[in-house]
1. Taking amide H positions as placed in the peptide plane 1.01 Å from N, state which residues far from C:Val213 in sequence (5 or more) or on other chains have amide H under 5 Å from it.
2. Provide the packing ranking of B:149-156, B:182-189, i.e. peptides ordered by the mean count of other C-beta atoms within 10 Å per residue, highest first.
3. List the chymotrypsin sites (Phe, Trp or Tyr not before Pro) within the stretch B:48-98 that fall in a DSSP loop (any state other than H, G, I, E or B) and whose Cβ has at most 14 other Cβ atoms within 10 Å.
4. Report the local net charge at C:Met159: Lys and Arg +1, Asp and Glu -1, summed over other residues whose C-beta lies under 15 Å from its C-beta.
5. So what J values fall out for the stretch C:164-177 if you push phi through Karplus, 6.51 cos²θ - 1.76 cosθ + 1.60 with θ = phi - 60°, rounded to Hz, Gly and Pro as x?
6. Enumerate by residue number the GluC sites (Glu not before Pro) in the stretch C:181-267 meeting two conditions: DSSP loop (anything except H, G, I, E, B), and at most 15 other Cβ atoms within 10 Å of the site's Cβ.
7. What's the angle, to the nearest 10 degrees (0 to 90), between helix A:137-150's Cα axis and the longest principal axis of chain A?
8. Please give the helix B:147-173 orientation as an angle from the longest Cα principal axis of chain B, in degrees from 0 to 90, rounded to the nearest 10.
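Laboratory data are not the source of any read-out in this text; all were calculated from the coordinates shown. Remember, predicted model here, so these are calculated numbers, not experimental data. When we count neighbours, we look across all protein chains shown, and the Cβ atoms used for this are built from the backbone with ideal geometry, even at glycine.
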Amino acid sequence: MNKRWLELSVGAMMVAGIAALVALALQVSGGSMRNVGHYPVSALFENAAGLGPKAKVTMAGVTIGEVVAVGIDPDTLMAEVRMQIYGQINYLSIDSSASILTAGLLGEKYVGITAGAEDDLLGAGDVIEDTQSALILEELIGQFLINLGDK
Amino acid sequence: MLRFVVDCIANLGAVLLHKLVQMGQALLMLLQATTVQPKASSLTRLIQQLYVVGVQSLIIILVSALFIGMVLGLQGFTLLSAYGSEQAVGQMVALTLVRELAPVVAALLFAGRAGSALTAEIGLMKATDQLASLEMVGIDPVHRIVAPRFWAGIISLPLLVAIFSLVGIYGGHLVAVEWLGVYSGSYWGNMQQAVDFNEDVLNGMLKALVFAFLISWIALYQGYSCLPTSQGISAATTRTVVYSSLAILGFDFILTALMFGGAV
Amino acid sequence: MHTDGIINLQNVSFYRGGRAIFEDLNCAIAAGKITAIMGPSGTGKTTLLRLISGQLQPHKGQVFLFDQDIAKIKQKQLNQLRKRMGVLFQSGALFTDLSVFENVAFPLREHMNLSADDLYNRVLTQLEAVGLRGVKDFMPSQLSGGMARRVALARAVAMGPEVILYDEPFAGQDPIAMAVLQRLIKSLNDQLQLTSVLVSHDVAEAFAIADHVILLGEGRVLAQDHPDALKTSTDPAVKQFIHGEADGVIPFHYPAPALQDELRGPS
């Protein structure tokens with residue numbers, strides 16, 4: 001067993017393995033945006049059906065954060081959705097609105113933020129009050145039937 | 001009748017006790033192998049074993065990864081077309097590989113190729129008194145023979161799993177983009193959005209590390225403790241492959257539940 | 001507490017699978033001589049060798065090597081003792097991934113700090129002593145069984161031990177190889193002033209070179225004496241072994257019920 005060839009091939013395997021790991025980090029997975037400091041923001045919804053942790057938070061279709069947890073706010077008895085917004089997105093106005101939307105055919109729920117007009121900005125721990133709840137199929141049908149009945 | 005039942009229970013107890021003793025011995029061997037003072041010559045031995053265990057497994061890993069990736073691309077495209085979501089095939093291939101298929105399939109192949117080779121080699125050294133010769137020259141065979149092979153396994157498999165993932169994803173690209181016409185930007189773009197380095201890639205690597213530990217330990221113990229006859233060696237080799245495979249699949253379930261169980 | 005032997009077994013009992021291989025065995029190996037341990041198959045000759053080398057521990061009694069009770073000393077001290085002892089295994093047990101040269105050099109590299117030239121010269125000298133200097137670059141797989149054993153012998157004496165144990169050195173060898181080994185064992189013992197212990201059942205070969213023979217049987221020492229004395233012994237067990245009689249103290253028939261009772265009658 002030629003020693004040179006042995007050492008060379010083992011070295012090549014190690015390099016290939018580490019290069020594969022690096023390639024997986026850069027090419028395959030999301031990479032950089034994720035871990036640049038974020039700040040917490042929450043929003044209260046009447047109905048947050050289908051929204052869960054790790055769901056996207058977007059504005060104008062671009063991901064600007066993710067949902068951390070969905071729970072009940074004991075004071076208002078509404079659904080409280082806690083989110084993390086990426087640090088770079090520090091220009092959301094205090095009167096921004098949040099809606100729960102459906103993505104794609106498979107029905108994955110996500111939060112969409114629409115910009116407001118105020119000068120004051122959203123900071124860590126602020127609550128978005130202008131919200132639009134998730135569309136519930138039963139309510140839609142009920143609404144439709146009521147409209148039909150009215151005619 | 002009662003006699004028969006009592007005998008059965010007694011036999012079961014004896015078998016269990018025997019297994020416990022074996023596990024204890026295996027643990028002792030592991031502790032001995034991992035508490036070695038490394039010397040300069042240990043590095044040479046480690047590199048030699050990295051070649052035998054790692055480099056010689058590369059071919060089967062590369063070929064399998066390529067084919068599995070290509071099949072995933074093909075099947076994924078077919079399935080997703082039904083929902084009009086062919087563009088998502090990139091993330092499907094990548095997530096399946098990185099989270100599950102790369103660690104598990106690479107580990108199973110590794111157990112079959114490198115694991116059985118390790119068991120057979122050590123078993124043969126035991127049967128031809130080479131291990132006893134080492135003892136007679138005043139050298140601990142666990143330090144000299146078992147330890148370098150153990151560390152070689154721990155280092156090799158995670159590297160092979162990373163290579164497997166990458167080659168598989170490329171195989172999927174070949175089929176989906178080059179052949180079936182998925183837009184290259186979508187393939188990689190969707191993938192990058194869906195695959196998280198910490199969540200998916202690193203967890204897959206963690207699985208690989210756990211599997212590497214299990215396979216190396218099982219293979220080395222079976223070789224070290226086998227009956228020093230040709231029948232004993234072949235039985236030990238078979239046990240290595242069977243036990244390793246079961247351990248891989250069992251621990252895969254446990255790890256998957258721990259890592260991905262709570263997420264959407 | 002020891003008699004004047006470099007290796008001493010006192011009241012040694014060893015059991016395997018519920019059966020007693022040795023029961024209260026006593027024997028001593030004298031220094032500087034060739035001692036042959038002999039007996040029919042299954043009497044535990046190889047087990048005795050393993051007890052001496054410390055690979056096995058006696059269940060009762062003590063084994064003294066160089067005046068030390070090997071059951072009581074630590075692994076490190078045992079390794080130190082083993083450096084003064086060489087073992088030739090039945091199969092040679094050469095390391096298959098090393099060349100002949102590297103095999104013989106192995107113990108020297110491990111335990112001695114020789115310069116490259118000194119090591120080279122020493123290995124060559126050892127190989128010359130066993131007549132195999134010409135194959136120093138061969139791999140063990142390229143050697144015949146007899147040659148492999150001779151290389152293993154060169155490896156066993158490389159460190160200049162005081163005691164050598166041979167496990168069935170003559171087994172399965174052709175007459176020429178046997179003669180070569182005989183000559184080597186005798187000359188090494190005399191030139192290097194070794195104590196040689198060989199386990200064998202080859203009466204002719206072993207008797208030709210042994211100074212003392214210990215005959216084992218039924219878990220104890222049946223007889224021990226100079227080979228010439230044993231040849232003329234009248235003890236029936238000794239006679240049966242030495243003269244190779246098919247039936248005697250050790251019966252031809254393995255114990256079984258009478259044949260008449262076992263045959264099947266007309267149905």
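1. C:Ala36, C:Asp225, C:His226
2. Highest to lowest by the protection proxy: B:149-156, B:182-189.
3. For chymotrypsin sites (Phe, Trp or Tyr not before Pro) across the stretch B:48-98 that sit outside H, G, I, E and B with at most 14 neighbouring Cβ atoms in 10 Å, the list reads B:Tyr83.
4. Its environment carries a net charge of +2.
5. 10, 10, 10, 9, 6, x, 9, 4, x, 9, 6, x, 5, 4
6. Qualifying residues, ordered by number: C:Glu218, C:Glu245.
7. 30 degrees
8. It is inclined by approximately 20 degrees.
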